[in-house]
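These notes are about the structure you will find just below.
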Amino acid sequence: MNNASQVKSLAIIYRALTVVGLLLLIAAYFSPVWWVSLEAPQYPKGTFPDGIRIHFHFTGVHNGCTEQESEEIEIGEGIDCVEEMDTINHYVGMAPTSAGGPIERGFSHFSFSILGVMLFVFMMPNGKKQIYVLGGGFAGVMAWMLISLYGQGHMDTIAAAFAEGMGQFFNDRKQIVVETDKLRRNAGMVVGAYGLIMLVITFALWKAGDGLRWVLALVPAGLSVIFVIDYAGWLYWFGHNLHPWGAFSVKPFMPTVFGDGKVAQFTTHSYPHYGYFMLMGVTLVLLVAILLRRKMYRLAAEDAEAQK
């Protein structure tokens, strides 16, 4: 097979892999990415076969308990294990789950849209049109972000949900106001950081030429690692920012990121859900796509050099 045929075949394959990666990314956005459960004697297996279980999505924390019929509870009553988890955590002075990652959750649709723009441009042939589409796509996401957050009140919704979640368990209204104002400031800084990052990526690729276009797929490919780092960071925050008015006094601790652990009388479990395996699939197919794309342009450059 000559270089021209190889280039054509590689172009088809790397673009197909990128489409697969994009579809997996979209599917992961709507799927549970990680799950956590607590088991204790007061939660019998007959009623709570999976313990007090919650599912982490990019958009929020969801109930992971299945309804079971028993003497304690009838099918249809509904078991909300997010509330149950928050109640348990409250006894040791831990903040409710809604306090974790409010910006990540509130900005998730913007973040995934940015990644989608990058993958779409990654599939395009190298050239100025790539930069125009990338800049236009980034500008569109930024405009949408500003209109949604500040024009349509999405920032107020994020702040109100945070304050409401904290207020369900803690009565220090002044501190909640302080934390909510801090959230607003941090969210504003994230908006600015997103704009700066998109500007830097566009400018860098414009100046660097064709050699760095693979970076457009590298960032989405790294989401599986970014998620775990962010998740671990929030677990550290929860375990090291215990409120003193908890019913039980517990020393600051690092909750289990992956695997099984023990806190007081509770056995904890923390494992990836099927959404995370989708993210791993994104990482795999995009890394292969990057390698194939680089090989494709290397062969194309050799052909161009040979024809001189």
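In the set (1) of a type in the set (Gly, Ala, Ser); (2) in a helix (DSSP H, G or I); (3) touching a residue at least 24 places away in the same chain (Cβ under 8 Å); (4) closer than 30 Å to residue 37 by Cβ, the condition left unmet by residue 163 is number (3).
Beta carbons closer than 8 Å, at least 6 apart along the sequence or on distinct chains, pair a first residue in the stretch 28-51 that is over 30 Å from residue 113 (Cβ atoms) with a second that is among the small types (Gly, Ala, Ser) and not in a loop (DSSP other than H, G, I, E, B) for 50/37; 51/37. Taking the stretch 132-168, which residues are under 30 Å from residue 217 (Cα atoms), of a type in the set (A, V, I, L, M), within 20 Å of the chain's Cα centre (by Cα) and surrounded by fewer than 18 Cβ atoms within 10 Å (Cβ to Cβ)? The one that is under 30 Å from residue 217 (Cα atoms), of a type in the set (A, V, I, L, M), within 20 Å of the chain's Cα centre (by Cα) and surrounded by fewer than 18 Cβ atoms within 10 Å (Cβ to Cβ): 142.
Residue by residue, here is whether (1) within 20 Å of residue 115 (Cα to Cα); (2) without any contact (Cβ under 8 Å) to a residue 60 or more places away in the chain; (3) of a type in the set (Ser, Thr, Tyr) holds:
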{"position": "192", "(1), (2), (3)": "yes, yes, no"}
{"position": "211", "(1), (2), (3)": "yes, yes, no"}
{"position": "223", "(1), (2), (3)": "yes, no, no"}
{"position": "238", "(1), (2), (3)": "no, no, no"}
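Residue 223: farther than 22 Å from residue 54 by Cβ and buried (at least 18 other Cβ atoms within 10 Å of the Cβ), yes or no? The answer is no for residue 223.
Counting only residues that are at pLDDT 95 or above and surrounded by fewer than 20 Cβ atoms within 10 Å (Cβ to Cβ), the stretch 119-131 holds 1 of them. Scanning the stretch 86-132 for residues that are under 21 Å from residue 142 (Cβ atoms) and not in a helix (DSSP H, G or I) gives 107, 124.
Taking the criterion of being farther than 20 Å from residue 29 by Cβ, in contact with a strand residue (DSSP E or B) (Cβ under 8 Å, 6 or more places away or on another chain) and modelled with pLDDT of 85 or more, the residues of the stretch 81-118 that qualify are 81, 84, 85. The set of residues in the stretch 259-298 that are aromatic (Phe, Trp, Tyr), touching a residue at least 40 places away in the same chain (Cβ under 8 Å) and surrounded by fewer than 16 Cβ atoms within 10 Å (Cβ to Cβ) comprises 271, 274. If the condition is being hydrophobic (A, V, I, L, M, F, W, C) and closer than 13 Å to residue 235 by Cβ, then the stretch 249-289 contributes 253, 254, 257, 258, 263.
Here 222, 261 are screened, and the one residue that is among the small types (Gly, Ala, Ser) and under 26 Å from residue 63 (Cβ atoms) is 261. Residues in the stretch 259-288 that are of a type outside the set (A, V, I, L, M, F, W, C) and part of a helix (DSSP H, G or I): 274, 275, 276, 281, 283. Of all residues in the stretch 14-32, how many are touching a helix residue (DSSP H, G or I) at 6+ places or on another chain (Cβ under 6 Å) and outside any helix (DSSP H, G or I)? Counting residues in the stretch 14-32 that are touching a helix residue (DSSP H, G or I) at 6+ places or on another chain (Cβ under 6 Å) and outside any helix (DSSP H, G or I) gives 2. Candidates in the stretch 51-70 are the residues that are at pLDDT below 90 and under 30 Å from residue 109 (Cα atoms); of these, the one that is nearest to the chain's Cα centre (by Cα) is 64. Note on the stretch 169-178: residues that are in contact (Cβ under 8 Å) with a residue 24 or more places away in the chain and either assigned to a helix (DSSP H, G or I) or exposed (fewer than 13 other Cβ atoms within 10 Å of the Cβ) (or both) amount to 0. The criterion of being polar (S, T, N, Q) and within 24 Å of residue 119 (Cβ to Cβ) holds for residue 283. For residue 214, the requirement of being within 23 Å of the chain's Cα centre (by Cα), closer than 30 Å to residue 297 by Cα and aromatic (Phe, Trp, Tyr) is met.
The values are calculated or read from the model by the stated rules, or taken from the named source; none is laboratory data. Predicted model only: the values in this text are computed from it and were never measured. Methodologically, a virtual Cβ is constructed for each residue, glycine included, from the backbone with ideal geometry; neighbour enumeration extends over all protein chains shown.
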